[in-house]
Amino acid sequence: MSTVNSQRPSITVSTLDVERLESLMAQAPRAALPYVEALETELARASVVDPEQMPADIATMNSVVRYRDLATQQAHRVTLVYPQHLASTENGLSVLAPVGSALLGLRVGQSIHWQVPGGRLIELELLGIDYQPEAAGDYHR
């Protein structure tokens, strides 16, 4: 599963999220490999900052975000979580899911094209962030 790299928006990820995601990817089951590769590609191009330096309008891990699927114009509100927290999080979205990987690191107002399983291309726009741990001073969530 390749991702489309043309006109990818810049993304920003915290050092804490990168550390945790690298550990998660190293332990991911083989079946998750295409999702892990897509996330690795995104992390490789990300600007990495300390959690205390994270702008408040960036989607980080454990953020509650609002986004729109531009094909359907449907808006969604989700919490971007690690897979192990999916069951315990209302409206949780795993960072290993295609939409989760696409949203990580986006700034409010940015949109991204993302390839999902089966080769279909989706386009998402980050509409807003209702909660971001870094902006709330919750650096070790």
>> Quick check on the chain: helices-only [θ] at 222 nm, where DSSP H runs of length 4 and up contribute -39,500 (n - 2.57) each and the sum goes over total residues. Nearest 500, please.
In response: -7000 deg cm²/dmol
> How much of the accessible area of the chain, probe 1.4 Å, is carbon plus sulfur, in whole percent?
Replying inline: 48
>> How much accessible area per residue does region 10-134 have, counting only protein heavy atoms and a probe of 1.4 Å, in square angstrom?
In response: 47
> Could you give the nm distance between label points at HIS76 and ARG8, where each point is 7 Å from its Cα heading toward the beta carbon?
Replying inline: 2.0
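How big is Rg to Rh over the chain, alpha-carbon atoms, Rh as the Kirkwood inverse-mean-distance radius?
Details: Rg = 13.8 Å, Rh = 14.9 Å.
When Rh is taken as the Kirkwood radius, the ratio is 0.92.
The values are calculated or read from the model by the stated rules, or taken from the named source; none is laboratory data. All figures in this text were calculated on a predicted structure; none of them were measured in a lab. Don't worry about glycine lacking a Cβ; one is built from the backbone with ideal geometry, like all the others, and counts go over all protein chains shown. Heavy atoms of the whole protein, side chains included, go into the accessibility calculation; ligands, DNA and RNA do not. Shrake-Rupley method; radii C 1.70, N 1.55, O 1.52, S 1.80 Å.
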